[in-house]
Amino acid sequence: MIDSRSAVRTEIAAAFALTAAALFALFWLIPNNTEPARSELDISPAFFPMLTAGLVLFLSLVMLVARLTRAVVATAELSGPAILSEVVVWCGASVAIWFALPVIGFIPTSIAVVILVGLATGYQKWWVLGAMAILFSITVDFGAWQVFTVDLP
Amino acid sequence: MIENLILGFEAALTLTNLLFIAAGITLGIVIGAIPGLGSVTALAVLIPVTYYMSPIPAIAFLVGVNKGGTSGGAIPAILLNSPGTPEAAASALDGYPMAKRGEATRAMKFALYSSVTGDTISDFLLIFLVVPFAAIALQFGPLEYTSVLLFAFALLAGISGDSPIKGLIAIFFGVFLSTIGLDPVDSTSRMTFDNVNLFDGLPLIGLAIGSLALASILEQIFDLYRNPTENQHSAELTAQANKKLPIREFFSHWKTIGRSALIGSGVGMLPGLGVTLAAFLSYGATRKASNDPNSFGKGNPQGIIATEAANSAVVGANLIPTIALGVPGNIAAALLIGAFIIHGIVPGPFMLTMHGDVIYALFASMLMANFIHLAIGRIGIPVWAMVARTPKGLVLPPVIIMCIVGVYLPGQSLFDLGVMFVFAGLGLIMKRTGFPVVCLVIGFLLGSMLETSLRQSMLLYKSDFWIIFESPIALGFLILTLVVLLKAAFKL
């Protein structure tokens with residue numbers, strides 16, 4: 001947990017990001033990516049997305065004002081930079097997994113993921129981790145084919 | 001009803017079905033016993049496994065997972081003072097002191113028996129109440145549905161997490177995401193960027209597994225990276241002095257069992273109220289009713305009974321709004337709705353008339369599952385204890401792989417995997433900034449229902465909002481919605 005000041009700052013940043021995202025949806029994403037109503041009597045396909053994006057915008061602004069003007073109990077667990085670093089690490093890892101699966105295949109990717117994640121959590125018996133990674137990955141690949149006739153990438 | 005239930009037993013009483021229920025309960029307990037995971041993660045990861053099954057064993061399997069996952073959380077709470085699920089936190093208050101004085105097995109038996117008894121009472125309530133509820137729901141038109149959904153959203157936002165405004169933002173963000181894909185009325189594309197993968201909308205499985213299961217795993221991995229000592233469970237329990245729990249002794253607490261089961265069922269029937277709330281409400285009520293309230297927190301078995309009977313009673317009761325209205329009682333029920341839809345069953349009041357055979361087979365499976373749960377839970381106590389003590393560094397990496405395989409299996413699509421990865425990142429950000437991920441998923445799940453009913457209401461009544469005053473049900477739910485929102489406004 002972080003101190004309440006950092007938590008409020010994190011929540012203000014989150015409210016800003018949401019406001020920006022809602023404005024982007026309202027003024028570019030929805031108008032440019034939905035078709036108009038077929039007749040004047042119909043309700044436009046853009047109506048409901050606009051309504052929900054508008055509600056997100058309104059609520060984000062309320063949250064922003066509430067955090068800026070009042071002493072509220074913020075519930076953010078981490079500071080902005082810490083969250084950002086986690087997201088960057090996850091983006092890198094997920095892109096690597098996404099590209100590795102079709103290129104080097106499921107078993108090597110799975111073994112690498114299990115070992116690296118295990119080591120990252122501080123588990124130190126690397127031989128247990130390695131043996132489990134190999135056995136688990138081969139079993140899952142074999143099971144997916146035998147039970148579901150699905151060939152994992 | 002009795003006839004339908006007998007027919008349900010005929011359909012459900014097959015070896016395959018019983019084996020799937022047993023497998024579901026075992027997997028549920030194992031995953032629930034791992035601190036930090038739980039029935040929601042178990043359900044999210046295992047729903048794709050049911051794609052290739054017929055509806056009855058598929059739903060029975062998932063119900064088994066839910067039952068096992070809910071009760072499994074008590075095992076690490078008792079043995080390690082580290083609840084497997086948030087709802088089992090109150091079990092740790094009395095379970096761990098019991099374990100420390102050499103009564104770990106006895107405490108786990110109290111937890112198991114209470115869980116099964118609470119669950120059974122709740123299942124009977126479900127069977128008796130779902131038909132009258134559905135009959136009322138059949139009177140609902142689009143206007144009433146819109147107001148019920150808004151009430152469910154307000155309730156969900158009001159009690160999930162510490163900040164209702166964050167809950168509401170998460171819900172409407174989820175609803176917004178549900179609008180991606182083809183328009184439900186015109187079938188024109190909305191925000192699809194001409195990508196065929198998006199024509200059916202964002203994949204529910206990718207979104208649910210990513211934001212609920214994978215995000216939770218990532219959060220724990222990053223926490224362990226910062227504090228690796230959490231990987232080692234050092235709690236060594238004293239030699240067990242008293243393992244026995246005669247069934248007569250357990251049922252001597254019948255008042256606590258009954259009260260807790262009713263509290264859990266009541267909470268389960270209302271959309272949005274969580275299992276954790278039921279557990280703590282029941283713990284508080286039992287302590288208040290006790291002659292010796294000071295013994296709570298020091299190893300009073302009534303604390304375990306109150307918690308476990310209540311949180312397991314939610315499992316059956318939350319299917320009442322799910323089946324009668326199509327509105328899930330909590331996130332586990334929301335995931336079950338996803339599973340129903342995958343198997344071609346649309347939840348709501350017509351479910352009983354259109355798929356009555358499946359629903360009564362499901363009720364029969366739920367009752368049978370309680371006996372199987374009792375047997376597996378009782379035999380497996382030493383095994384669950386081992387599972388609960390496995391270091392997280394060995395448990396979490398395979399769960400990531402299971403998430404990947406679970407999302408890839410149904411569609412064999414790397415696009416779905418990409419969606420899961422994106423929502424895992426988004427779920428992580430939401431968790432870290434205090435936004436309830438559950439609200440996002442329920443908003444996404446119910447978004448299309450809200451859109452359809454709202455648009456139907458607008459077309460039917462030509463956008464004349466005064467019509468609300470002609471529908472007492474809609475007016476009643478809208479007033480309740482306003483009351484909940486006004487109450488929530490004081491803790492933005």
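The values are calculated or read from the model by the stated rules, or taken from the named source; none is laboratory data. As the structure is a computational prediction, the values presented were derived from the model and not from experiment. In this analysis, Cβ positions are derived from the backbone assuming ideal geometry, glycine residues included, and neighbour counts consider all displayed protein chains.
B:Arg101 meets the conditions (1) under 30 Å from B:Ile31 (Cα atoms); (2) surrounded by fewer than 21 Cβ atoms within 10 Å (Cβ to Cβ); (3) under 23 Å from the mean Cα position of the chain (by Cα) in every case but one. The failed one is (3). For region A:87-120, the candidate set comprises residues that are out of contact with any Pro (no Cβ under 7 Å at 6 or more places or on another chain) and at the interface with chain B (Cβ under 7 Å from one of its Cβ atoms); within that set, the residue that is farthest from B:Asp416 (Cα to Cα) is A:Ala120. Which one of these is at pLDDT below 85 and touching a Gly at 6+ places or on another chain (Cβ under 7 Å): B:Leu62, B:Leu37? From the options B:Leu62, B:Leu37, the qualifying one is B:Leu37. Taken together, the residues in region B:156-214 that are touching a strand residue (DSSP E or B) at 6+ places or on another chain (Cβ under 8 Å) and at the interface with chain A (Cβ under 10 Å from one of its Cβ atoms) amount to 9.
Return a yes/no flag: does region A:57-80 have any residue that is of a type in the set (Lys, Arg), touching a residue at least 40 places away in the same chain (Cβ under 8 Å) and more than 9 Å from chain B (Cβ to nearest Cβ). No, every residue in region A:57-80 fails to be of a type in the set (Lys, Arg), touching a residue at least 40 places away in the same chain (Cβ under 8 Å) and more than 9 Å from chain B (Cβ to nearest Cβ). When region B:23-38 is filtered for residues that are in a helix (DSSP H, G or I) and among the small types (Gly, Ala, Ser), the ones remaining, listed by number, are B:Ala23, B:Gly24, B:Gly28, B:Gly32, B:Ala33.
Which residue pairs have Cβ atoms under 8 Å apart, sit 6 or more places apart or on different chains, and have a first residue in region A:126-145 that is touching a residue at least 12 places away in the same chain (Cβ under 8 Å) and a second that is among the hydroxyl-bearing types (Ser, Thr, Tyr) and assigned to a helix (DSSP H, G or I)? If the second residue must be among the hydroxyl-bearing types (Ser, Thr, Tyr) and assigned to a helix (DSSP H, G or I), the pairs left are A:Ala133/A:Ser110; A:Phe136/A:Ser110; A:Ser137/A:Ser110; A:Val140/A:Ser110; A:Asp141/A:Ser110.
Among the residues of region B:276-299, is any at pLDDT below 85, in a loop (DSSP other than H, G, I, E, B), under 23 Å from B:Ala157 (Cα atoms) and polar (S, T, N, Q)? No, every residue in region B:276-299 fails to be at pLDDT below 85, in a loop (DSSP other than H, G, I, E, B), under 23 Å from B:Ala157 (Cα atoms) and polar (S, T, N, Q). Taking the criterion of being assigned to a helix (DSSP H, G or I) and of a type in the set (Phe, Trp, Tyr), the residues of region B:115-167 that qualify are B:Phe124, B:Phe128, B:Phe133, B:Tyr145, B:Phe151, B:Phe153. If you filter region B:372-382 down to residues that are part of a helix (DSSP H, G or I) and touching a residue at least 40 places away in the same chain (Cβ under 8 Å), you find that the one that is farthest from B:Val63 (Cα to Cα) is B:Ile381. Against the test of being of a type in the set (S, T, N, Q) and either more than 30 Å from B:Gly443 (Cα to Cα) or at pLDDT 95 or above (or both), the options A:Thr69, A:Thr75, A:Thr109 yield a single qualifying residue, A:Thr109. Those helices (runs of 4 or more DSSP H) of region B:383-492 in which 1 or more residues are away from every other protein chain (no Cβ under 12 Å) and in contact with a Leu (Cβ under 9 Å, 6 or more places away or on another chain) occupy B:437-460, B:472-489. Evaluation of A:Pro45 against the conditions (1) in contact with a helix residue (DSSP H, G or I) (Cβ under 8 Å, 6 or more places away or on another chain); (2) without any contact (Cβ under 8 Å) to a residue 12 or more places away in the chain shows that the sole unmet condition is (1). B:Tyr225 meets all of the listed conditions (1) more than 25 Å from the chain's Cα centre (by Cα); (2) under 26 Å from A:Ala46 (Cβ atoms) but one, namely (2).
Here B:Pro76 meets the list (1) surrounded by fewer than 24 Cβ atoms within 10 Å (Cβ to Cβ); (2) in contact with a Gly (Cβ under 6 Å, 6 or more places away or on another chain) almost entirely, failing just condition (1). Of the residues making up region B:20-38, just one is surrounded by 24 or more Cβ atoms within 10 Å (Cβ to Cβ) and either among the hydroxyl-bearing types (Ser, Thr, Tyr) or under 20 Å from B:Pro347 (Cβ atoms) (or both), namely B:Gly24. Residue count for region B:334-357 under the criterion of being surrounded by 23 or more Cβ atoms within 10 Å (Cβ to Cβ) and more than 18 Å from the chain's Cα centre (by Cα): the result is 0.
Right, B:Thr41: among the hydroxyl-bearing types (Ser, Thr, Tyr), crowded, with 24+ Cβ neighbours inside 10 Å and assigned to a helix (DSSP H, G or I) or not? For B:Thr41, the condition - among the hydroxyl-bearing types (Ser, Thr, Tyr), crowded, with 24+ Cβ neighbours inside 10 Å and assigned to a helix (DSSP H, G or I) - is met. Condition test on B:Ile320, is it surrounded by 21 or more Cβ atoms within 10 Å (Cβ to Cβ), away from chain A (no Cβ under 14 Å) and of a type in the set (A, V, I, L, M, F, W, C)? Yes; evaluated as a whole, the condition is true for this residue.
Criterion applied to A:Ala7, A:Ala22 was being crowded, with 17+ Cβ neighbours inside 10 Å, in contact (Cβ under 8 Å) with a residue 60 or more places away in the chain, within 25 Å of the chain's Cα centre (by Cα) and farther than 13 Å from B:Met191 by Cα, and the one residue passing it is A:Ala7.
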